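*Asks:* Pasting a structure here, questions to come.
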Amino acid sequence: MESNGMSGKHGLEGDADLQFMLGGGDLVKVRSKSWQKNRFFKLQEDCKTLWYESHKTVRRKQTFAIDDIASVRRGRQSEGLNKHTADGLEDQCFSIIFKDRTKNLDLLAPSGEEAKQWVNGLDKLINNMLNLNRQQNSEHWIFSCMRKADKNGDNMMTLKEVKHFLKQVNIEVDDTYAEEIFKKCDASNSGTLEGSEIKHFYNLLTQREEIDVIYGDYAQTEGQMSAGDLLGFLLREQREQVSMQDALKLIEKYEVDETAKQQKRMTKDGFLRFMNQEEGSIFNPAHKPVYQDMHQPLSHYYISSSHNTYLMADQLKGPSSTEAYIKALMKGCRCVELDCWDGANGEPVIYHGYTLTSKVLFKDVIKVIKEFAFKTSEYPVILSLENHCTIDQQRLMAHHLISILGDALVTKPLRNVTPTNFPSPEELKGKILIKGKCLKKVNPSLSNDGVVEEGTVSEEDEAADCENGQKAKPKKSKIKLAKELSNIVVYCKSVHFNSFDHAKEMQAFYEMSSFKESKALTLAETSATAYIHHNTEKLSRIYPAGSRTDSSNYNPVPLWNAGCQIVALNFQTPSKEMHLNQGRFLPNGASGYILKPEFQRSLSSQFDPSTLSEGPWLQKKTLNVMVISAQQLPKLNKDKQSSIVDPLVRVEIYGVPADNAIKATHHIDNNGFNPTWNESFRFQIHVPELAMLRFVVEDYDAASQNDLIGHYCLPLSSAQNGYRHVPLLTKRGDVISSAGLFVHLMLTDAE
């Protein structure tokens, strides 16, 4: 089935790495030291699918889509390759990391040069997929489905194949309609569709009536949009602060018809292309890079944070892995947790104490942190140490931290002066901070001179709260602490929280407390203003209750409302709470740092999220949201051809209690391809700076719980007005390339 001249290559024709992959080659699939099997891998001609030979009795040939790959890592940079291959094979190793799979595909090439070609080629294809706009991804997906429906590969479609294709693209139509659309396209009356007839069929199927209406309203120049028409659309509908020059740039950038471009006009195809780009997205492209002031004290930012980072699954018997740290850091997480215990052969290990979770070497975790800490964000990483080790292994922990992290590790105050406040994320770029216990100093400053060789400190953090839900040491027990480990705790000294008054009088800015979720939520509800004042100068870390043995998460929003910075979640668990976290840290370059609103950074602020007294935080707005349509929602049961989704859309607001609201459309039967709702909702917003906007698309089920199709979340302050496309993400937070919502938003001052 021809794809109208489109292929997965996108400008890579003739590329040496691509040609090598199209020819295929032998790779060793590595699962363990004893299971290392030779397999033949080959890129398919569509350049969007990788095929490999399998020795399974059921499926001897397997494929996976390039779009399913999250990243490719060169070298022994997965836990499996690090454990099961020799150091000398570093250049020959690479790993394929999948979006929605836990397991990586670890591979060993015959030579370093071949490994380089596979990695470079896959990277080029992945980047091309990312650079495609939604319209192009949509076209590729549709033509791919057409090829699958063309069972005999003759580049013609019979009526039976058309019906099969419609089910593949998630739309249920009755036989009469299928015959009607088929006859309309079969101009030659041959009983098959081919060539231009297939193109006509595609155009009928993908026609966007809502886009036609919008375009028709503004295309006032011989049926096309002049630069002035486009400017009118941008000013009136999109509420953008733009000029005629901006409109002309958009025509030059997105118009596909050369004649129209020369006339400085935009055709409907150009308009659709423009609307599917980031300029037409709900997420403000100006907020995509780092755009906030990064020179304020560390305590003035929300910090993306992970709890029990080492776990891949539950808290009782799940595996611990260095891979979990890599995944968290690559998602922009800036505070990771290390639960440290004595290990065999004198080497400290990380695992969930008093449980059956597996163990991983402390030094291996530090190595991957060194490697991956700053690949997504260059801003500081905090290592939250839960230290249960004996003195000798603590000394080895300190040695590993210093020797492996090198200059990245902060071991003394910046500029060698005693500070009175936190340095900024900008000052700490590329730096790693240690959060942990610290012995009392002879001099009450951050200088570590004069520390005794070793001593005892209280153990009142998570372990003392029986955080793992199992038998643990009594509260406020004492542990011995080595000087070497104490000395590298500079800006994040762990201390017990007594009260806000006590903290105000007795606690230095660098002394921070950890709060179990129930304690933190109580403080946020009963003493919000005091908590906000506390969090203007000091850091607070929140962690999940010990009863969450399934690694579930708590709602982070009330804690952000109280100005808490390090609201630690179980990153390994896809959930609404993690979706909110992903949305919160979506802007500002995915740096893992978001500047808190000014009223959460001032000691004079009287902000209380529950009472909403008059103040600069109170900016009453009305948010009108029209859910117009969706495009190419994925099938949930891909193995069952007749399974078509019945989609509905929920629009949710999360923020201060007065702003929380959920509204939903009706469901549409048997249409995941191009459902249309045209339903409007109105929300009253009191504190827009704290509000989060979330879209959820579900498959309606009258008999049981609805299934998630896709979601998207972002701060309301980063949402653009007007007609906007909303990308959709999987449960684990990966983009569904061809799917999306089309909505109209308008945020205005409340009357």
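*Asks:* Contact list please: Cβ distance under 7 Å, first residue in segment 6-17 and assigned to a loop (DSSP other than H, G, I, E, B), second residue among the charged types (D, E, K, R) and modelled with pLDDT of 55 or more, pairs at least six apart or on different chains.
*Replies:* Every condition considered, the pairs that remain are Met6/Glu139; Ser7/Asp46; Gly8/Asp46; Gly8/Lys48; Leu12/Lys124; Asp15/Lys124.
*Asks:* Every residue in segment 335-360 that is over 21 Å from Ala545 (Cα atoms) and either touching a residue at least 60 places away in the same chain (Cβ under 8 Å) or in a helix (DSSP H, G or I) (or both), please.
*Replies:* Passing the criteria: Ala344, Asn345, Gly346, Val360.
*Asks:* Further question on the same structure: Taking the condition of being of a type outside the set (A, V, I, L, M, F, W, C), open to solvent by 30 Å² or more (accessible area, probe 1.4 Å) and closer than 22 Å to Thr748 by Cα, how many residues in segment 203-240 meet it?
*Replies:* Taking segment 203-240 first, the residues of a type outside the set (A, V, I, L, M, F, W, C) are 203, 206-210, 212, 215-218, 220-224, 226, 228-229, 232, 236-240.
If we keep only those that are open to solvent by 30 Å² or more (accessible area, probe 1.4 Å) too, we end up with 203, 206-210, 212, 216-217, 220-224, 228, 236-237, 239-240.
Those left that are additionally closer than 22 Å to Thr748 by Cα: 236-237, 239-240.
So the count comes out to 4.
*Asks:* Looking at Ser717, Ser680, which one is within 27 Å of Leu272 (Cα to Cα), in contact with a helix residue (DSSP H, G or I) (Cβ under 7 Å, 6 or more places away or on another chain) and open to solvent by 30 Å² or more (accessible area, probe 1.4 Å)?
*Replies:* Ser717
*Asks:* Inspect all residues belonging to segment 159-176 and state whether any of them is modelled with pLDDT of 70 or more, open to solvent by 30 Å² or more (accessible area, probe 1.4 Å), within 25 Å of the chain's Cα centre (by Cα) and within 30 Å of Ser281 (Cα to Cα).
*Replies:* no
*Asks:* List every residue pair whose Cβ atoms lie under 9 Å apart, where the two residues are 6 or more positions apart in sequence or sit on different chains, the first residue falls within segment 183-208 and is within 23 Å of Asn674 (Cα to Cα), and the second residue, located anywhere, is in a strand (DSSP E or B) and of a type outside the set (A, V, I, L, M, F, W, C).
*Replies:* Once the first residue is within 23 Å of Asn674 (Cα to Cα) and sits in segment 183-208, its partners that are in a strand (DSSP E or B) and of a type outside the set (A, V, I, L, M, F, W, C) give Thr206/Gln631; Arg208/Ser629; Arg208/Gln631.
*Asks:* If Ile662 satisfies every condition in (1) without any contact (Cβ under 8 Å) to a residue 40 or more places away in the chain; (2) open to solvent by less than 30 Å² (accessible area, probe 1.4 Å); (3) of a type in the set (Val, Ile, Thr) but one, which is the exception?
*Replies:* Evaluating Ile662 over (1) without any contact (Cβ under 8 Å) to a residue 40 or more places away in the chain; (2) open to solvent by less than 30 Å² (accessible area, probe 1.4 Å); (3) of a type in the set (Val, Ile, Thr) leaves (2) as the failure.
*Asks:* Only one of (1) surrounded by 20 or more Cβ atoms within 10 Å (Cβ to Cβ); (2) modelled with pLDDT of 90 or more; (3) in a helix (DSSP H, G or I) is not met by His140, so which one is it?
*Replies:* All conditions pass for His140, except number (2).
*Asks:* Which of the residues belonging to segment 286-299 are part of a helix (DSSP H, G or I) and either within 18 Å of Asp229 (Cα to Cα) or open to solvent by less than 40 Å² (accessible area, probe 1.4 Å) (or both)? Spell out how you get there, then give the answer.
*Replies:* Of segment 286-299, the ones part of a helix (DSSP H, G or I) are 286-287, 298-299.
The answer is His287, Leu298, Ser299.
*Asks:* Still on this structure: Does segment 484-497 hold any residues that are touching a helix residue (DSSP H, G or I) at 6+ places or on another chain (Cβ under 8 Å), outside any helix (DSSP H, G or I) and open to solvent by 40 Å² or more (accessible area, probe 1.4 Å), and which are they?
*Replies:* Within segment 484-497, no residue meets the criteria.
*Asks:* Does segment 609-625 contain at least one residue that is surrounded by fewer than 17 Cβ atoms within 10 Å (Cβ to Cβ) and hydrophobic (A, V, I, L, M, F, W, C)? Can you show your working first?
*Replies:* We begin by selecting, within segment 609-625, every residue surrounded by fewer than 17 Cβ atoms within 10 Å (Cβ to Cβ); these are 610-611, 613-616, 618-620, 622, 624.
Retained after the next criterion (residues that are hydrophobic (A, V, I, L, M, F, W, C)): 618.
There is at least one residue in segment 609-625 that is surrounded by fewer than 17 Cβ atoms within 10 Å (Cβ to Cβ) and hydrophobic (A, V, I, L, M, F, W, C).
*Asks:* What tally of residues in segment 340-359 results from selecting those that are closer than 20 Å to Phe571 by Cβ and open to solvent by 10 Å² or more (accessible area, probe 1.4 Å)?
*Replies:* The qualifying residues number 4.
*Asks:* Could you run through segment 414-434 and say how many residues are out of contact with any Phe, Trp or Tyr (no Cβ under 8 Å at 6 or more places or on another chain) and among the polar types (S, T, N, Q)?
*Replies:* Residues flagged as out of contact with any Phe, Trp or Tyr (no Cβ under 8 Å at 6 or more places or on another chain) and among the polar types (S, T, N, Q) within segment 414-434 amount to 3.
The values are calculated or read from the model by the stated rules, or taken from the named source; none is laboratory data. Being a predicted model, the structure only gives us computed values, none of them experimental. Cβ coordinates were reconstructed from backbone atoms using ideal geometry, including for glycine residues, and neighbour counts include every protein chain displayed. Heavy atoms of the whole protein, side chains included, go into the accessibility calculation; ligands, DNA and RNA do not. Shrake-Rupley method; radii C 1.70, N 1.55, O 1.52, S 1.80 Å.
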